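Following: one structure in structure tokens, then a few remarks.
Please treat every number below as a calculation from the coordinates, not as lab data. In this text the structure is predicted, and so the values were computed from the model without any measurement. Using ideal geometry, Cβ is built from the backbone for each residue, glycine included, and neighbour counts are taken over all protein chains shown.
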Ligand code: SF4
Ligand code: SF4
């Protein structure tokens, strides 16, 4: 620190000059000066002696010219290190701890500390992330409701998690009223977030309209922030429907489009077998033209459509979707997440294959203005309705679940909207509350844990070797590519600086990925915790058998007390 030392030395010289003018006080002043210098030098030594370590959430990406990008998943800081700085950083990263005085480049140290790339040696970063995760998970004052006005659907997608045999019932007014009462009973509510879900929720549009009106009016009166979105197949989402929804504060729609016309119509036909592609695109165009609603097209990518996705993007371009309004695209793998997932078993690509292919698709979508996919999430991507303690999924019959993927299966319910006091009492409810990503070593050591948070609790709790739906998201598989792409978008690096050996699928910069074995171990951990909590052994067979097995009171051999009781009976 040459500048700081120089300044202290000048101060010391001035004090010595003053001492010479008053010989009577010379000794005392000299002692005082020595003390002052010793204090200042002590502070200096303290700063130089401060112990640091490289953050466990740092992810460096080497560049072709020897420089490097450095991303921190906890702070989301992204910086560019020159060749020399990258070398210093690598040396620091090899040490378990180092003192400030050991870093000759003070500006570099300040930049590293400022971005959270270097932290105090005693900082327990996992504890910091865990605290943040638990605080978000248990946030008081916010309620997230996913409401399925019906599980009925007019589409017959072969890979649907509900299977093809869907119920046709719709939500009755008593269920709607119970939902409103449930919201009203929440004390100190600050925000209510609603997602309309199904089946196809617009087949139960009357429930959406009535419930929205009741909830919005209550929230407005009590200054509770209200927001809503909908997951819809868009068959009924014409301009008028979009306007009806928008006036009820539905601000975003997630619509699934699976490739170009031919592929999509094969994958997502009506139950009658007719195609749906043209009408969906007509409706999207109308909705964008007539409202400010934001439409996010989800593209499920599998064996049959992976080579036709480009053609679908061309259709979006032809229709000027980006110019018409707020339209974006994202890609998701087709996966067999439930036993009812039908053709998903044949359709799915391996995660490595999906994540290799998705990079090119995302790149093209971004160039066309349909996506900004590489931006890291703001909070924990896995903080869904199921993970959040204040989140519930309510079916048309008033059955309450935690997770979208179990909503079609009553045996996995956590309770009933008519018995709000018991919503956390069931074994099914405990399975969700007891799961945490910090319990399994793969997530706990993951370099993107602060962004991901386990991603999908369902895949751990209901892990089944036959279904093979793994949780790690694309960010885990394409970490270096996304960091590089983001830096490229920011104009910090050019495309020719990419080092092919940095490809994440093999280089694994963000750590180990989950496998079926690690998921099974995580499931066993949840079952152990729930067994302790409920005072009886709960195993995976009971888990999959659902509520009847989980809630059955275990029979036991008659005790002395039982026998004594029997002997007194007439
Ligand atoms: S646990 Fe997974 S499937 Fe269930 S709601 Fe959350 S993200 Fe969706
Ligand atoms: S190991 Fe996978 S699921 Fe767990 S936090 Fe990391 S990316 Fe998410």
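Peptides 105-117, 121-133, ordered by how many other C-beta atoms sit within 10 Å of their residues on average, highest first, read 105-117, 121-133. In segment 67-109, which residues have a backbone nitrogen under 17 Å from the label point lying 7 Å from residue 122's Cα in the Cα-to-Cβ direction? Answer for segment 67-109: 97-100.
Label separation (residue 515 vs residue 332): 2.7 nm, computed from points 7 Å beyond Cα along the C-beta direction. Extending 7 Å from the Cα toward the beta-carbon at both residue 221 and residue 492 defines two label points whose distance is 5.1 nm. Treating r as the C-beta distance of residue 278 and residue 423 and R0 as 45 Å, the FRET efficiency rounds to 0.55. Between the beta carbons of residue 169 and residue 466, assuming R0 = 41 Å, the FRET efficiency works out to 0.85 to the nearest 0.05.
The simple spin-label model puts a point 7 Å past each Cα toward its Cβ; for residue 154 and residue 536 those points are separated by 4.6 nm.
With contacts taken as Cα pairs under 8 Å at a separation of at least 6 residues, segment 69-122 carries a relative contact order of 40 percent.
A Förster distance of 22 Å, applied to the separation of the beta-carbon atoms of residue 135 and residue 375, puts the FRET efficiency at 0.45. How far is the Cα center of segment 423-453 from the Cα center of segment 87-117, in Å? If we compute the Cα centre of each part, the gap is 33 Å.
For the listed peptides 295-301, 270-276, a ranking on the average number of other beta carbons within 10 Å per residue, highest first, reads 295-301, 270-276. Entry note, segment 152-270: relative contact order of 30 percent, from Cα contacts under 8 Å with a spacing of 6+ residues.
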